[in-house]
Every structure is written in structure tokens, then in C-alpha cells.
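J.: Okay, here's the structure, questions in a sec.
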2 protein chains.
Amino acid sequence: MNHHDPLSALTFYRNSLTLPLQQYKVVDLMRSTGGLSRSDLARQLGYSRATITGLVKDLIDRTIIREIADAESTGGRPARILDFNASFAYVIGVDMGATSVDIALADFRGELLLRHREPIDVKQGPDPVLDRVATIMQDLIQQAKIPNDKVRSIGIGVPGPVDFLNGVLSMPPIMPGWERYPIRTKIQETFPLATVVVDNDVNVMALGELRSGVGKGVDNFIFVKVGTGIGAGIIVDGGIYRGSNGCAGDIGHIQADRNGPICHCGNVGCVEAMASGSALARQAMQAAQSGRSPILAEYLAAGVTSLTAEHIGMAAHAGDKVAMELIKTSGTLIGEVLAGVVNFFNPSLILIGGGVANIGTQFLSTIRRGILSRSLPLSTQHLRIDYSPMGEDAGVIGAVALAIEHIFVGKL
Amino acid sequence: MNHHDPLSALTFYRNSLTLPLQQYKVVDLMRSTGGLSRSDLARQLGYSRATITGLVKDLIDRTIIREIADAESTGGRPARILDFNASFAYVIGVDMGATSVDIALADFRGELLLRHREPIDVKQGPDPVLDRVATIMQDLIQQAKIPNDKVRSIGIGVPGPVDFLNGVLSMPPIMPGWERYPIRTKIQETFPLATVVVDNDVNVMALGELRSGVGKGVDNFIFVKVGTGIGAGIIVDGGIYRGSNGCAGDIGHIQADRNGPICHCGNVGCVEAMASGSALARQAMQAAQSGRSPILAEYLAAGVTSLTAEHIGMAAHAGDKVAMELIKTSGTLIGEVLAGVVNFFNPSLILIGGGVANIGTQFLSTIRRGILSRSLPLSTQHLRIDYSPMGEDAGVIGAVALAIEHIFVGKL
């Protein structure tokens, strides 16, 4: 298989269904706002009522949208609310982590129908991993009795920098064998009619919170994933901001301490090298082996072979001073780096997710303190900082939303 | 005068001319692309050719746009290119610095007609300063024989954080007497028919480069002003990104060194406290008085009362080792902070402007090195880092562009 397909950018939308631009705009608006009446559509799109009536008729004829009765109207002729037709198409969302994959089948309205999660190891390389992913997807649609050709779009979040247009990973630090591997083409061997959209995992999580979570209606926010690595998904003006090379949000390699340790990227004192899940795991092993932390040492003695951030959380909860200190240092460093991001970007919401978000509230509160101690008061006046309420679901929900956004393409 | 006007947000567009939404969209598109044919408009807006013909006729009838012959067409009936009618309205752009003001009168197409620059001192407070600004504006329109009611919009860039909707400064560090002063109302005493738009000076500079400079057509870029303070203007998707409180881009208070000096904001090691024009001026005085820099000491001996960043530039040019070192340290710190911004935002262009940009090419090259040494290769693959070619003109050109963007408001 050719790993450098110059045509893939041109064929990005090859499988997307083409809609006339005005019909597309109706669909696009409904996607971000939910059910609307014809008058709502006319007002928000700036089209005449007659134009809207025609467009809606076309979309109903194509079975893309349908009318649902307006429950609130009582007398006279009720204004009909329009909604998507759930069975028009189906999508699959894939949240791929370094060690597990979470796959959901959803209808055209984004409702999850079936979901499957299992361990994988991305280091095995793209072919075996994606073969397994394709098999799971096949199983899901068979279970739901949905024919292959009804799956119109597949969204995939992957843990690394993505060249979005080409749908390939670009210099991925934790999955080196995937460099420019044509994920899209590979998945289309199994789903030849589906559009396949690949994006960075954190972007996808941010999209999940934007479309179905607390990010709904929030113009500018950041989703920060603290897991093996540290990264951010950025929402600007109701959409994912990807930057010029698709690698916006790569905050893991911002310097947290110029006297810090050397990071795997070669630079000194990156926040990822000092405060990520893997940094915490390393610090936990040191604290256990040196005897500084009796509780972490107990875990080792009890047969745990490798300590993780979660063990630190448990130890801190049990009163271990060293574990508490590790959490505090990590949260503070992350908070200080995010303070710089806040001064630059002035978001109204920061959501913290990823595995390390499960270690307790002390982590969140030190991140908050770190941000507030180094930001300007004006920037933080209306800033909310919280754990992602979706938690581990954000990835797969976002992947479904990503898929739905690419079913159609508008054309003149 | 009431400094807390709750109505001002509602009256933001009070003086803007209302256009039906579709006409507005034609005007808005032409503003960002320049001269277009009717077919270009139809294609880019997704309106039918008949709709465009009607809209264009309305806009020509209102004397907002006009036809100019297509020079490139030779045989048959030439496609007419549409352009703005220069004399439909006039605007004024004001670039207010801490110590000087730069004011330009421009026509509806953004061509500068007259310009005036003079020293001011914003510390005198808003009333005397804005009285003087109003007098200069009056002088300019009289000189150009333009009646007061033809001035439809005034754009003002100010050196501090701006509450954009209310048009007031919010906690401005270098102009404390201006806190929430109603600049808009004050200017409208002299120009009652004009829309008055107030924005942060660096945002306005970024807009200048976006509309008329090297930023034309660049989706994501940053304008960094290194003057008395340090700040950035952010362009996302062809427009100014202001953030949730209008204070996006406040990079001067990002930490450059956790062991650095205390900043006037109260935090430790802000890049502004270590690398701005005022920091350099302070370091120059120390180097001269301690005798470490013979050339800077000479300037003092020759009667210079206060050394500036420009003196450091001159001394470095003359071979002074300490001056070179000061430039290198400042550029490196700014570069390292911008590296964090690059990792987060992944821009394709960074423009450096402000007074310190005049001290020579060594400053730019150390900023570049600082950015490249701490950014990921993927983020900097297509990144261009340069001095702003507009230099000191960016502010006033941007203020004119800001004014033009607010002449009209679209309404259904």
C-alpha cells in the first residue's frame, strides 16, 4: 500500500454526499442548533420564507430531515419543528488510545446505538490494529442489522499530530510505525462508501463537549487531556481550531521549568516530561523504591508491577504525604503552563480530561491555583476550570460528531 | 460624564448604516477580496445570478459600489468589475500610543488622504487627550474639505486591554486614569453621526497587516508588539480573535523565568518585565552606570538623560559586547515565550513590530532562534517569522480598516 498518496487530499470528500449549498447550510445550521422551525431557519440564514420552504421540501423528499409536531403550540396551525431523520444514515466513531480502542455505532442524529471497548496496542503497527478495528465495526453493524452501505461516515480520533486533510499521522511520538500511514484508504477497504475523517484525539474530545456536553454554545474553550502525554483541543467560534499544520494545541512541549529534565522530544523541562501520567508513574516508582512513600511501597510489595498515576491518587487519598506532593507539583506545573495559554487565548472554559483526571479533586484544585496565580485578573474573570463531565466518553462521542459533520459536502 | 454606561453595548451599532443581510454579505465579501464581478459574487456567496444582479443594482443605487470596466476583456461584452465608491463615506483611524498619536483620514476604499502625528501623554487623562484628538480630526476633515456628516466611522487603537463591546479600557496598566472612560461617547460629541470603534492597539496592527499588508490571505497569524510593554494581536480565520473578555494576546505576562524579577503586575518573571523596551532601557542604564558598557556610558556622558532600547541597538551596531548581550537575552526570552504560543496556536506567520523592532536584525534573529529551539518541528515547518513590513504604519492603517468594517451592519 502506498503510504504517500498525493491524491488523498483531493479525494477527502469523495464519499461525502453532495448537497446544493443552500440545502447544506440548512443542514449545517440544524446540526449546531437542534430542532428548528422554518421561520427560525429563514431568520438565521437570511433566506426568504419561500426559499426556505423549497429547501425544506427538498430535504424532506431526500429523507434527510423530517417534521415533528410542535408540542408547545396549542391553538391554530402549529409551527412544525424540523429534525434530522435518524435512519437516513449511520456513522461510526472510533476513539483510539495508545492502549485501548472505544468504538460506537450511532444514528444520523448522533444517538449511540452500540458501543464496544477493548485493549489494543498501537505499537503493533497500523495494519493489525486497523484490521481489528474494522472487524469490531463490522460486528457492531451486524449486531444492529445495519447494512454496510448505510454507514456513510466514520470519525477516528488518534493519539498524535494529524495532517487533517490527508488523514494521516505526522511525526507521532507514541506511534512511530503509523507515520503517514493511509488510515482512510485502509478503513475504506471495509467501508468503501463511507467518508473517513481522522483527527487528533484531543480535538475530537473537545468536539464531543462542544456538540453534546458543557461546551455547547461556548465560543472559545480548551479541552486539556492529561494522560500518557499532555495535549489540548481548541474550540474557536464553535469549531475545532487546528492551526496551520494541524498541530495546534500541542501544549505538552511547552517549557514548565528551564531547569527541568530532558523530554523525549529533546528539549528541556517540557510539561509533559514533568507532569503527565507517565511522569507521575515514574515519580511514583522512585518514591516507592526509595522508601519515601510507604503506601506506594506497599502497593509494590503487594505485587503491583508498575505504579501509575492512579496509584498516586489512591495513596494520596489514604493520606500519603509524598503522593499528595507529587499531585500538587504536577497540577501546579500544568496550571502554570495553562496560565500562559489563558493569557494568550482568553478562553471562557477549560476542561481537564484524560486518565490523570481520575486521581481526585486535589489535582484539579492545584491546576486551578496554578492558572489563577499566573494569569491576569481580566483573563480569568469569567473563566471556568473543571474536569470534563464526559470524562472517558468524550472521545467516542466526539468521534461520532466528527463523522456526522462530514456526511455531506455543500456545492454550488 | 457617566463612566459606566450600561446602554453603550446596546448602542454599539447605533450609528452604523443598516443594510439588508444579503446586501451586507456582498459588501463584506468585497471588503476582504477587493474588486469582483457579479459571477464571482454569485459563486462565492451561493446566491443565484438573478439575486446578485438585484443586490448589485441596489448597492449601485445607494452609491455604495460602482462598476469599473474590466480592462482585461477585449472582445464581446466585458464582465464588469465592481468596486467600492471611494466618496460614499469617509473614515478616521487613530493609533494612540502612550506618548504619541497617529491619525489618518481615509476614503471609503481605505486610501489614506491625510495624516497627522504628534506627541501626547496619555497620563494626562482622557479628557485633555481626546479633546486634542478631536481637534486634530476636525483639522484634517477641514483641510480635505469633507463635511463632518460624511465621516461615518472612526477606529481607535489604544495601548491597553479593551472591553470591545463597550468601547472602554479595562484595567489598563499604563493608562490608569482611562479605566472604563467612555471614549466612544466623548468622540461622538464631535462626530455625532460616526460609529466609534475602540480596540487594543496590537489587535489593530494585526488587522492592518491582514487587510493591506503581508497578512493578506493568511488565515492564522500573530502580530507581536515589543514596545514599552509586550502584547500580541491574533488573527483567526481572517478576523481579529479577541477571546472571551477581549484580552486575548496579552502575552507580556507569560512567565519567561521563574527566577526572574517581579513585574508591575505582581507576578514573577513576566517576559514584559525582562525583555520589553522598558526592561531594556533599565538594563541599559545599569550597564552604563556600572561602566560595563563603555559605549552606553559614552551616550550618558554626552548628555543623553535616559537610555532607550534604541541606544542599545546603536551601541550593539558600534560593537558594544554588553549591548549585544542585552539584545540577545531579550530576543531569546521573547522567542522562548513565543515558542509556547507556537506549540499552542500553530500559526503560519509571526510579525514583530513596535519600537524595539527598530534596533536591528540581531533582535529578530535571536527571537527566531528562541522560537525554533523550543517548538516542535511540525509546528514550525511552514512558520515565517519577520519584522512587520508596515512597521509604525500598521497601527493607523489598521485603525482605518477597523473603522471601515463598522460602517455598516447587516439586518434581516
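J.: Given the conditions (1) open to solvent by 10 Å² or more (accessible area, probe 1.4 Å); (2) outside any strand (DSSP E or B); (3) touching a strand residue (DSSP E or B) at 6+ places or on another chain (Cβ under 8 Å), report the number of the one that A:ILE174 does not fulfil.
T.: For A:ILE174, the exception is condition (3).
J.: Does A:ALA357 satisfy being part of a helix (DSSP H, G or I), within 30 Å of A:ASP199 (Cα to Cα) and either more than 14 Å from every other protein chain (Cβ to nearest Cβ) or not polar (S, T, N, Q) (or both)?
T.: Values: part of a helix (DSSP H, G or I): yes; within 30 Å of A:ASP199 (Cα to Cα): yes; either more than 14 Å from every other protein chain (Cβ to nearest Cβ) or not polar (S, T, N, Q) (or both): yes.
Answer is yes for this residue.
J.: I'd like the residue in region A:153-186 that is small (Gly, Ala, Ser) and farther than 19 Å from A:HIS406 by Cα and, out of all such residues, is farthest from the other protein chains (Cβ to nearest Cβ).
T.: A:GLY177
J.: Also, quick follow-up: Filter region A:250-264 for residues that are under 22 Å from A:THR308 (Cα atoms) and either of a type in the set (Gly, Ala, Ser) or surrounded by fewer than 23 Cβ atoms within 10 Å (Cβ to Cβ) (or both) and give the result.
T.: A:GLY252, A:ALA256, A:GLY260, A:PRO261, A:ILE262, A:CYS263, A:HIS264, listed by residue number.
J.: Here is a follow-up. State which residue pairs qualify: first residue under 29 Å from A:GLY410 (Cα atoms) and inside region B:40-66, second residue open to solvent by 80 Å² or more (accessible area, probe 1.4 Å) and not small (Gly, Ala, Ser) in any location, beta carbons under 7 Å apart, and separation of 6 or more residues or different chains.
T.: From region B:40-66, the pairs are B:ALA42/B:ARG49; B:ARG43/A:LEU412; B:GLY46/A:LEU412.
J.: Which number in (1) part of a loop (DSSP other than H, G, I, E, B); (2) within 13 Å of chain A (Cβ to nearest Cβ); (3) buried (at least 17 other Cβ atoms within 10 Å of the Cβ) marks the one condition that B:LEU307 misses?
T.: Among (1) part of a loop (DSSP other than H, G, I, E, B); (2) within 13 Å of chain A (Cβ to nearest Cβ); (3) buried (at least 17 other Cβ atoms within 10 Å of the Cβ), the lone unmet condition for B:LEU307 is (2).
J.: Another question, then. What are the residue pairs meeting all of these: first residue in region A:207-236, first residue closer than 24 Å to A:SER276 by Cα, second residue open to solvent by 20 Å² or more (accessible area, probe 1.4 Å) and of a type in the set (Val, Ile, Thr), Cβ atoms under 8 Å, and 6 or more apart or on different chains?
T.: Sorted first by the residue in region A:207-236, then by its partner, the pairs are A:LEU207/A:ILE240; A:GLY208/A:ILE397; A:THR228/A:ILE174; A:GLY229/A:ILE174; A:GLY233/A:ILE240; A:ILE234/A:ILE240; A:ILE235/A:VAL218.
J.: Across region B:219-249, which residue is surrounded by the most Cβ atoms within 10 Å (Cβ to Cβ) among those that are more than 9 Å from chain A (Cβ to nearest Cβ) and not in a strand (DSSP E or B)?
T.: The extreme case among them is B:GLY229.
J.: A further question follows. Can you give me the number of residues within region B:316-354 that are open to solvent by 10 Å² or more (accessible area, probe 1.4 Å), assigned to a helix (DSSP H, G or I), closer than 26 Å to B:LEU376 by Cβ and touching a Gly at 6+ places or on another chain (Cβ under 9 Å)?
T.: Residues in region B:316-354 being open to solvent by 10 Å² or more (accessible area, probe 1.4 Å), assigned to a helix (DSSP H, G or I), closer than 26 Å to B:LEU376 by Cβ and touching a Gly at 6+ places or on another chain (Cβ under 9 Å): 5 in total.
J.: Answer yes if at least one residue in region A:50-63 is touching a Phe, Trp or Tyr at 6+ places or on another chain (Cβ under 8 Å), β-branched (Val, Ile, Thr) and closer than 23 Å to A:GLY354 by Cβ, and no otherwise.
T.: no
J.: Residues of region A:203-218 being within 13 Å of another protein chain (Cβ to nearest Cβ) and not in a loop (DSSP other than H, G, I, E, B), which ones?
T.: Once the filter is applied, which keeps residues that are within 13 Å of another protein chain (Cβ to nearest Cβ) and not in a loop (DSSP other than H, G, I, E, B), region A:203-218 yields only A:ASN203.
J.: If I filter region B:364-412 down to residues being more than 14 Å from chain A (Cβ to nearest Cβ) and either polar (S, T, N, Q) or within 28 Å of A:PHE164 (Cβ to Cβ) (or both), which single residue comes out as surrounded by the most Cβ atoms within 10 Å (Cβ to Cβ)?
T.: Per the criteria, the residue is B:SER388.
J.: So, one more: Taking the conditions exactly as written (out of contact with any strand residue (DSSP E or B) (no Cβ under 8 Å at 6 or more places or on another chain) and either within 14 Å of another protein chain (Cβ to nearest Cβ) or at pLDDT 95 or above (or both)), does B:ALA279 satisfy them or not?
T.: Answer is yes for this residue.
J.: While we're looking at this one, here's another question. Considering only strands (runs of 3 or more DSSP E) fully contained in region A:47-129, which possess at least 3 residues that are at pLDDT 95 or above and of a type outside the set (A, V, I, L, M, F, W, C)?
T.: A:90-96, A:112-119
J.: Give the number of residues within region A:202-218 that are of a type in the set (Gly, Ala, Ser) and either out of contact with any helix residue (DSSP H, G or I) (no Cβ under 9 Å at 6 or more places or on another chain) or surrounded by fewer than 24 Cβ atoms within 10 Å (Cβ to Cβ) (or both).
T.: 3
J.: Considering (1) touching a Pro at 6+ places or on another chain (Cβ under 8 Å); (2) open to solvent by 20 Å² or more (accessible area, probe 1.4 Å); (3) at pLDDT below 95, say which one B:MET274 fails and leave the rest.
T.: Unmet for B:MET274, out of (1) touching a Pro at 6+ places or on another chain (Cβ under 8 Å); (2) open to solvent by 20 Å² or more (accessible area, probe 1.4 Å); (3) at pLDDT below 95: (3).
J.: If I filter region A:135-166 down to residues being part of a loop (DSSP other than H, G, I, E, B) and touching a residue at least 60 places away in the same chain (Cβ under 8 Å), which single residue comes out as most open to solvent (accessible area, probe 1.4 Å)? Step through it out loud before you land on a result.
T.: Here is the first cut: in region A:135-166, the residues part of a loop (DSSP other than H, G, I, E, B) are A:144-147, A:159-161, A:164-166.
Those still in the list that are touching a residue at least 60 places away in the same chain (Cβ under 8 Å) too: A:159, A:161, A:164-166.
Details: A:PRO159: 17, A:PRO161: 20, A:PHE164: 34, A:LEU165: 97, A:ASN166: 36 Å².
The extreme case among them is A:LEU165.
J.: Could you check region B:250-276 and list, in sequence order, the residues that are more than 12 Å from chain A (Cβ to nearest Cβ) and in contact (Cβ under 8 Å) with a residue 40 or more places away in the chain?
T.: If the condition is that a residue be more than 12 Å from chain A (Cβ to nearest Cβ) and in contact (Cβ under 8 Å) with a residue 40 or more places away in the chain, then B:MET274, B:ALA275, B:SER276 are the ones that fit.
The values are calculated or read from the model by the stated rules, or taken from the named source; none is laboratory data. Computed from a predicted model, the values in this text were never measured in an experiment. Every residue, glycine as well, gets a Cβ built from its backbone with ideal geometry; the counts of neighbours run over all protein chains shown. The accessibility values were calculated without ligands, DNA or RNA, using every heavy atom of the protein model including side chains. Shrake-Rupley method; radii C 1.70, N 1.55, O 1.52, S 1.80 Å.
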